[in-house]
């Protein structure tokens with residue numbers, strides 16, 4: 001696992017690697033019953049979920065956004081992507097909230113929070129029910145149609161919105177293009193919100 005992260009440009013401590021290993025084991029264990037992700041292969045989980053989530057940090061750097069000390073919200077977190085990998089990466093540097101409306105996924109997020117001894121908040125409701133301007137940075141991955149997602153995320157953010165779009169690049173948005181050893185030609189949309 002450590003080598004996969006390194007090949008993609010992420011130098012992690014042994015403690016961080018240990019947390020990712022536990023996360024992987026628990027995800028696979030819960031997935032047998034709760035179907036949290038369609039990806040079941042170890043290496044594919046590491047690349048498509050863990051490494052892909054951390055590519056947000058590359059976009060933060062590209063856009064000159066210093067996230068340390070900021071409140072970060074992951075909307076539609078699912079099994080914790082990208083929020084939980086970002087929390088493992090930035091540790092207590094970010095104040096993380098995960099918003100997820102599916103009860104079984106919320107249960108997993110709460111369980112993994114305790115299991116990994118991470119400090120974050122799980123809100124088990126729809127993002128539309130959250131108060132406006134609640135977070136500095138709002139991130140989202142695989143959430144739905146852009147025309148529906150953008151207004152919802154815009155409502156929640158005070159400063160910046162990042163939407164992970166994979167290989168799709170919609171017209172009219174600022175973006176980061178991500179290229180690492182395993183993640184090729186992926187796009188993260190960047191929407192700065194000026195107040």
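We did not get these values from a lab; they are worked out from the coordinates using the rules stated. Owing to the predicted nature of the structure, the values given are computational and were not obtained by experimental measurement. Every residue, glycine among them, receives a Cβ derived from its backbone with ideal geometry; neighbour counts consider all protein chains shown.
Some points to look at:
- Only beta bridges with both residues in the range 2-192 are counted; by DSSP, about 35 percent of them are antiparallel.
- Based on Cα contacts under 8 Å between residues 6+ apart, the range 2-192 shows a relative contact order of 19 percent.
- Taking each residue as 0.36 nm, the span from residue 145 to residue 62 lengthens on full extension beyond its C-alpha to C-alpha distance by 27.4 nm.
- Residues residue 177 and residue 40, FRET efficiency given R0 of 35 Å [Cβ-Cβ distance, rounded to 0.05]: 0.75
- Ellipsoid equivalent to the range 1-106 - semi-axes via the Cα gyration tensor, in Å: 22, 18, 12
- Dividing the helix sum by the residues of the chain, where each DSSP H run of 4 or more adds -39500 (n - 2.57), gives a mean residue ellipticity at 222 nm of -11500 deg cm²/dmol.
- Across all Cα pairs in the chain, the calculated P(r) in 5 Å bins from zero up to the longest distance comes to 1, 8, 17, 22, 22, 17, 10, 3, 0, 0 percent per bin.
- Peptides 88-97, 73-82, 56-65, ordered by how many other C-beta atoms sit within 10 Å of their residues on average, highest first, read 73-82, 88-97, 56-65.
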